[in-house]
Amino acid sequence: MVKIRLARRGRKKLAIYDIVVADARSPRDGRFIEKIGNYNPTTNPATIVLNEDKALKWLLDGAEPTPTMKAMLSYRGVLVRKHLQIGVIKKAITQEQADAKYAAWKEVKDAKLQGKVDKLATEKATSAKSRLDAERKVSEARAEALRKKQEEATQTLIAEIKEAATEGTDATDAVAE
């Protein structure tokens with residue numbers, strides 16, 4: 001039996017997976033028949049690079065996807081294409097109708113994905129702006145506290161100088177008498 005599954009590569013805690021077609025008896029990271037893409041779960045949203053035509057060919061030839069791969073194939077629209085292609089094979093719809101339905105589905109899916117990417121980008125930008133504003137407020141508060149401290153030190157120094165000057169004049173007056 002042939003399976004479409006993930007083969008792990010990458011280092012510890014930074015996994016990257018190859019999407020492979022392999023014999024079900026071979027080990028997870030062992031021999032495979034063909035590599036049809038890769039998957040990076042560390043990005044947001046997760047990056048799936050897949051040769052959809054090869055995946056569809058293998059599905060139509062009888063390859064069974066693992067549950068994780070079934071979810072990814074569904075997300076990328078390969079299972080929709082398989083469903084439509086089976087309808088074409090059974091002559092329920094024409095190839096043009098199937099292609100039009102798939103194009104419409106793909107357009108909606110891409111718009112939804114782009115919306116998520118845009119939302120994440122705006123959230124990141126607003127988060128960075130709010131952190132910068134908070135940092136600016138803290139810096140201004142520190143600068144204000146430092147300015148007040150320096151002003152107090154200056155006032156104290158001026159008072160001490162005036163005191164010393166008045167004491168000095170008193171001393172000079174006493175010496176003059």
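Within region 104-143, the residues that satisfy the criterion of being basic (Lys, Arg) and more than 16 Å from residue 76 (Cβ to Cβ) are 119, 124, 129, 131, 136, 137, 142.
Considered as a group, the residues in region 22-32 that are surrounded by 15 or more Cβ atoms within 10 Å (Cβ to Cβ) and in a loop (DSSP other than H, G, I, E, B) include one that is nearest to the chain's Cα centre (by Cα), and that residue is 32. Annotation note: of 19, 4, 36, the sole residue that is assigned to a strand (DSSP E or B), under 23 Å from the mean Cα position of the chain (by Cα), surrounded by 16 or more Cβ atoms within 10 Å (Cβ to Cβ) and not basic (Lys, Arg) is 19. Of all residues in region 85-113, those satisfying the criterion of being touching a residue at least 12 places away in the same chain (Cβ under 8 Å) and under 24 Å from residue 46 (Cα atoms) are 102, 105, 106, 109, 113. Only one of the listed residues (82, 129, 162, 116) is out of contact with any strand residue (DSSP E or B) (no Cβ under 9 Å at 6 or more places or on another chain) and in contact (Cβ under 8 Å) with a residue 60 or more places away in the chain. That residue is 116.
Results for (1) outside any helix (DSSP H, G or I); (2) surrounded by fewer than 10 Cβ atoms within 10 Å (Cβ to Cβ); (3) of a type outside the set (Ser, Thr, Tyr); (4) at pLDDT below 90, shown as yes or no for each residue.
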{"position": "91", "(1), (2), (3), (4)": "yes, yes, yes, yes"}
{"position": "113", "(1), (2), (3), (4)": "no, no, yes, yes"}
{"position": "125", "(1), (2), (3), (4)": "no, no, yes, no"}
{"position": "129", "(1), (2), (3), (4)": "no, no, yes, no"}
{"position": "135", "(1), (2), (3), (4)": "no, no, yes, no"}
{"position": "139", "(1), (2), (3), (4)": "no, no, no, no"}
{"position": "147", "(1), (2), (3), (4)": "no, no, yes, no"}
{"position": "153", "(1), (2), (3), (4)": "no, no, yes, yes"}
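Note on region 43-62: residues that are in contact with a strand residue (DSSP E or B) (Cβ under 6 Å, 6 or more places away or on another chain) and farther than 20 Å from residue 102 by Cβ amount to 1. When region 62-74 is limited to residues that are free of Cβ contacts under 8 Å to residues at least 40 places away in the same chain and out of contact with any helix residue (DSSP H, G or I) (no Cβ under 8 Å at 6 or more places or on another chain), the one that is farthest from residue 37 (Cα to Cα) turns out to be 67. Scanning region 47-89 for residues that are assigned to a helix (DSSP H, G or I), surrounded by fewer than 17 Cβ atoms within 10 Å (Cβ to Cβ) and of a type in the set (A, V, I, L, M) yields 60, 71, 86, 88, 89.
The values are calculated or read from the model by the stated rules, or taken from the named source; none is laboratory data. Only a predicted model underlies this, so the values are computations on that prediction, with no experimental measurement involved. Cβ sites come from the backbone with ideal geometry, for glycine too, and all protein chains shown count toward neighbours.
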